[in-house]
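Visitor: A single structure is presented below for examination.
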Amino acid sequence: MGGRTLSAKSTCIPRKGHQGKQLDRPRRWIGHIESNREYLDSSRSGGGWRWWPLADVVNVDSKILIPDGTRESLPEDFDAVELKAVQIGVGLTAVIAFFHLTKLATRHLDDVWHAKHEPTIVIRRGRPRAEDRMWAAFRATQEARRALHDTAREWMSKRCPGFFADHQEPQPLADLLLMDQFDPTKGDRIGQGFSAALRAIGFTENVLHRTSPDLPKLLLSQADSRLCPALEGRRTWGLWGNWREISSIPTLLDGYGENAKRAIAYWADSRIRHFLVTLSVSDFLSVTEGEYAEMRDRAKVRHGAFRLKQLNYLRRKFLTISLDLTTVASDVDQFWKRTWRDQEEAEFTLDYAPWIVENDEREGRARFTPVSVNDELRERQESWFKRLLIADRDYRDILSTVASLGASADAVKVSRIALWAAVASLAVASVTLLVTEAKKETFLHLIVSWLSSISA
């Protein structure tokens, strides 16, 4: 098959004001004399750049030379990481990382697939499962691809934490895989034998194709965790195609360097980054909706048993989510209503594969109308934001009511405690008074005398 992973991209939405000191410095070689803090402040005031190079981190052992790059120890699979910031509105900044893989890492996926695999027993969730050679090859190859994703995401979580890292969720990621022989964009019906090879690396879509005129000879596919369980492709996308077909397009890669495969990676990176940010907004909404559901379920389960500490936890968590949601909703609305369109922003279309279209035409069936993926994402996000904002308003009212009732209940509890404390204080004071004034004429003296006479 000859598939090789050349690059991976990951994106995160950073916490406001979070900037690594080592990365916050001017880059004079490329003409950027301002620091990242100055770029960020300018962009969030509404008059700055729509995107800018954030930093370039090069492995200490790498031979790659990037002007103004920072040398530090990276995971062994990476030669360098290029970070770019994309400003959405005035309050939301997305950070996109472009990972350069080492030569060994680019061949690892292909080497694992072509290695000799033996039947094995796998112990994962549930009962032990026996795998024959084919299923063992599937699992090992998918795990090899996932290992690169996990390493990239872990580096982003530590070096550039943001919304997804705060919620312990995987960042949206897209990698580029180029074939030596097979060209998926031709749309031929894939035979059973070769479909196994594609399943091994996580590409199982043979009916629907996502294509873009901005990325000719490439398909955009999402990993199916049901068919590729070892890959666990949540928020995992892949650009894949034949590198010879892409490099043969006249003038397409001019200005990207002499290394064809690395040039394709740079070219794809420049056109997919803004679309990946759009996908990240949908993932942000998905995580936010899950957080609201978790708070609702927690409140339902613990109804009647809430303490002040738990109530304060819900209030703090709700405040954070509510602020994020309202801010991002406003910023994304401005982003969708913008009058400009970045010339390198890819527009994707969802359509049936050519072999399906040919069958429909041959049998006289109506042609399926292609769907704009970008427009569909926009409509879905607008509806999603409206639904979550309504839920946010309802939760705010409920939480305010619960807080008021909780405060009243706490006041009653405090008053009861104060009453019992007063009773206890009165009892202690009474005993003290009786003991200190036990004279002959006192009632206490008479009782003591009577008890003494009885005992005698």
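Visitor: Find how much the distance from residue 68 to residue 207 grows on full extension, using 0.36 nm per residue of separation minus their present alpha carbon separation; answer in nm with one decimal. Walk me through the numbers before you get to the answer.
Guide: Details: separation 139, 0.36 × 139 = 50.04 nm, distance 4.54 nm.
In short, 45.5 nm is gained.
Visitor: Using a cut-off of under 11 Å, list every residue of segment 192-220 whose amide N is near the label point 7 Å from the Cα of residue 357 along the Cα-to-beta-carbon line.
Guide: Backbone N within reach: 209, 211.
Visitor: After finding the eigenvalues of the alpha carbon gyration tensor for segment 112-203, what semi-axes result from the square roots of 5 times each, listed largest first in whole Å? It would help to have the intermediate numbers written out before the result.
Guide: Values: eigenvalues 159, 94, 25 Å².
Calculated on Cα positions only, the semi-axes equal 28, 22, 11 Å.
Visitor: Rolling a 1.4 angstrom probe over the protein chains, ignoring ligands and nucleic acids, what is the accessible area of residue 335 in square angstrom, nearest 10?
Guide: It works out to around 20 Å².
Visitor: Per residue of segment 101-111, in order, report the coupling 6.51 cos²θ - 1.76 cosθ + 1.60 (Karplus, θ = phi - 60°) as ³J(HN,Hα) in whole Hz, putting x for Gly and Pro.
Guide: Running phi through 6.51 cos²θ - 1.76 cosθ + 1.60 with θ = phi - 60° gives 8, 6, 4, 5, 5, 5, 9, 4, 4, 5, 5 Hz.
Visitor: So for segment 107-155, averaging the separation of alpha carbon pairs under 8 Å that are six or more residues apart and normalising by length, what relative contact order in percent results? Intermediate results must be reported in sequence, preceding the final value.
Guide: Details: 38 pairs, mean separation 17.8, N = 49.
It comes to 36 percent, rounded to a whole number.
Visitor: Using the Cα centre of segment 121-228 as the reference point, and only Cβ charges (+1 on K/R, -1 on D/E), how large is the resulting charge dipole? Debye, rounded to the nearest 20.
Guide: Working: 17 positive and 14 negative charges, 82 e Å.
Once rounded to the nearest 20, the dipole reads 400 debye.
Visitor: Could you do me a favour and compute the accessible area per residue for segment 86-206, 1.4 Å probe, result in Å²? Can you show the working numbers first?
Guide: Numbers: 5640 Å² over 121 residues.
Spelled out: the 1.4 Å probe surface of segment 86-206, per residue, equals 47 Å².
Visitor: For the pairs 63/84; 84/386; 103/158, note any where the Cα-Cα span goes beyond 27 Å. Walk me through the intermediate numbers first.
Guide: Values: 63/84 22 Å; 84/386 30 Å; 103/158 25 Å.
Result: 84/386 exceed 27 Å.
Visitor: Given the peptides 81-92, 223-234, arrange them by the average over their residues of other C-beta atoms within 10 Å, most packed first. Write out the running numbers ahead of the final one.
Guide: Details: 81-92: 21.2, 223-234: 17.8.
Answer by packing, highest mean first, reads 81-92, 223-234.
Visitor: Okay, moving on. Give the ranking of 327, 151 by solvent-accessible surface, highest area first, calculated with a 1.4 Å probe.
Guide: On the way: 327 60, 151 35 Å².
Largest accessible area first, the residues go 327, 151.
Visitor: Please name whichever of 201, 263, 171 sits farthest to the positive end of the charge dipole of segment 160-284, dipole taken about the Cα centre and charges placed at Cβ: Lys and Arg +1, Asp and Glu -1.
Guide: Highest projection toward the positive end goes to 201.
Visitor: Short version: ³J(HN,Hα) in whole Hz for each residue of segment 49-59, in order, from phi by Karplus 6.51 cos²θ - 1.76 cosθ + 1.60 (θ = phi - 60°), x for Gly and Pro, what are they?
Guide: 7, 6, 7, 7, x, 7, 5, 10, 10, 10, 5
Visitor: Give me the net charge of residue 230's neighbourhood, meaning all other residues with Cβ under 10 Å from the Cβ of residue 230; Lys, Arg count +1, Asp, Glu -1. Could you put the intermediate results ahead of the total?
Guide: Numbers: positive: 124, 139, 145, 146; negative: 143, 232.
That sum, taken over residues with Cβ under 10 Å, equals +2.
Visitor: Going by Cα centres, segment 165-205 and segment 56-124 are how many Å apart?
Guide: 18 Å
Visitor: For a protection proxy built on the mean count of beta-carbon atoms within 10 angstrom, sort 184-190, 200-206 highest first, please. Intermediate values should be presented prior to the final figure.
Guide: Values: 184-190: 16.7, 200-206: 21.7.
The packing order, highest mean first, is 200-206, 184-190.
The values are calculated or read from the model by the stated rules, or taken from the named source; none is laboratory data. Keep in mind that this is a model prediction, so the values were computed, not measured. Here Cβ is always computed from backbone atoms with ideal geometry, including for glycine, and neighbour counts include all displayed protein chains. Note: areas computed on protein heavy atoms with side chains; ligands, DNA, RNA excluded. Shrake-Rupley method; radii C 1.70, N 1.55, O 1.52, S 1.80 Å.
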